[in-house]
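No value in this document is a laboratory result; all are computed from the given coordinates. Not measured: the values here are computed from a predicted model. Cβ sites come from the backbone with ideal geometry, for glycine too, and all protein chains shown count toward neighbours.
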Amino acid sequence: MAPLVALTNISKIFLTDEIETHALSKVSFTISKGEYVAISGPSGCGKSTLLAILGLLEVVSSGSYTLAGHNVENLSRQQRAEVRNRDIGFIFQSFNLISDLTIEENVALPLTYRNQISRAEKIRRVNDALNKVNMLHRARHYPSQLSGGQQQRVAVARAIVGTPSILLADEPTGNLDSQNAKAVMDILDNLHRDGATICMVTHDPRCAERAQRSIVISDGQIVGDGRLAAEFNLIKETSDVV
Ligand SMILES: Nc1ncnc2c1ncn2[C@@H]1O[C@H](COP(=O)(O)OP(=O)(O)O)[C@@H](O)[C@H]1O
Ligand SMILES: [Mg+2]
C-alpha cells in the first residue's frame with residue numbers, strides 16, 4: 001500500500017533581509033497509515049518547519065510531497081487550505097483556541113465549510129470529539145475559563161473533529177505540567193489505538209517513547225530514524241538465523 005505521507009528531498013530556505021536560512025536540506029521519509037511518529041532534535045534544527053510543511057502551512061523550496069496519493073507541493077494557496085481542512089489536524093504548543101468563541105464553537109471550526117455535513121451531524125461530531133478528550137462538560141465555557149491542560153485537550157478535539165488523515169502536533173505538552181502532559185499523551189495514545197496516524201514534534205523523551213518510531217533531526221537533516229533501525233535489526237537477526 002502506498003504510504004500516507006511521502007517526502008522526497010525536501011529542502012526549505014527562508015529568505016529574510018537577504019539572509020538565507022537553510023532550515024531543511026534534502027529530507028526524505030514516509031509515514032504509513034496508522035503510524036505514530038515522534039520527531040526530535042535540538043532547538044532550531046528544523047522540526048517546526050518540517051511539521052508546518054507536512055501541514056501545508058509552509059511551502060517547500062524544493063523536493064516533492066505526496067499526501068494520500070496526491071502531489072501537494074505545487075498547490076495554490078486556496079487548494080492548500082482545502083487539503084489542510086480535509087486531511088490535516090494540527091495541535092500547537094500554545095493551544096491556539098479563539099478566545100471569544102465557546103469551547104464547542106472552537107471545536108466546530110474545522111467543520112464550518114463542510115457543506116456536505118448536516119448541522120445535526122456537525123453537533124454529533126463536536127460532542128463526540130469533546131467526549132473523547134473528556135471535555136464535554138465544558139462545551140459552553142470559554143477558553144479563558146479552562147486550565148492549560150484542558151485547553152490543550154479541547155485543541156485535540158478540534159484537531160480530530162474533521163476526521164483528518166493525519167494528526168500533527170508541535171510540542172503539544174511544551175506548555176503543560178507533567179500531570180496535564182500525561183493526560184494529553186494518554187489521549188494521543190487512545191487515538192492511535194483507534195487507528196489515527198500521528199506525527200509529533202517533541203523534545204521530551206517521555207513523550208517520544210510513546211511513539212512507535214522516532215525520527216531525529218540535526219541541522220535540517222534526518223540523522224536517525226527508529227523504524228529504519230528496527231528494520232535493519234530485523235534483517236540482521238534474520239540473516240543471523242540463516
Ligand atoms: N518564518 C521564518 N523565517 C525565517 N527563518 C525561519 C522561519 N521559521 C524558521 N526559521 C529558521 O529556520 C530554522 C529552523 O527553525 P524551526 O523549524 O522553528 O526549528 P525547531 O522547531 O527545531 O526549533 C531556524 O534557524 C529558524 O530561525
Ligand atoms: Mg519548534
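The table below gives the values:
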quantity	calculated
Value of relative contact order over the range 63-159, rounded to a whole percent, pairs C-alpha under 8 Å and six or more apart	34
Average Cα contact separation per residue, the chain, under 8 Å, 6 or more apart, as relative contact order %	28
Charge-dipole axis of the chain as Lys and Arg at +1 and Asp and Glu at -1 on Cβ define it, positive-most pick from Ala211, Ile10, Pro143	Pro143
Amide H partners (placed H, <5 Å) of Ser218, local residues excluded	Val223
Acute angle (nearest 10 degrees) that the helix 226-241 long axis makes with the longest principal axis of the chain, alpha-carbon atoms	50
Cα-based helix-to-principal-axis angle, 77-87 vs the chain, degrees rounded to 10	80
For Ile39, residues with placed amide H under 5 Å, excluding near neighbours	Met200, Val201, Thr202, Ile215
Computed over the range 5-241, Cα set: Rg, Dmax in Å	18.4, 63
DSSP loop GluC sites (Glu not before Pro) with at most 16 other Cβ within 10 Å: longest gap in the chain	19-208
Counted charge near Asn134, where neighbours are those whose Cβ lies closer than 11 Å (Asp, Glu -1; Lys, Arg +1)	+2
Using alpha-carbon coordinates, inclination of helix 148-160 to the longest axis of the chain, degrees	80
Members of Lys33/Lys132; Lys33/Lys182; Lys47/Lys182; Lys47/Lys122; Lys12/Lys122 lying beyond 28 Å, as alpha-carbon distances in this model show	Lys47/Lys122; Lys12/Lys122
Helical contribution to [θ] at 222 nm, DSSP H n ≥ 4, -39,500 (n - 2.57), averaged over the chain, rounded to 500	-11000 deg cm²/dmol
Amide H contacts under 5 Å for Phe90, placed H, 5+ residues apart	Leu168
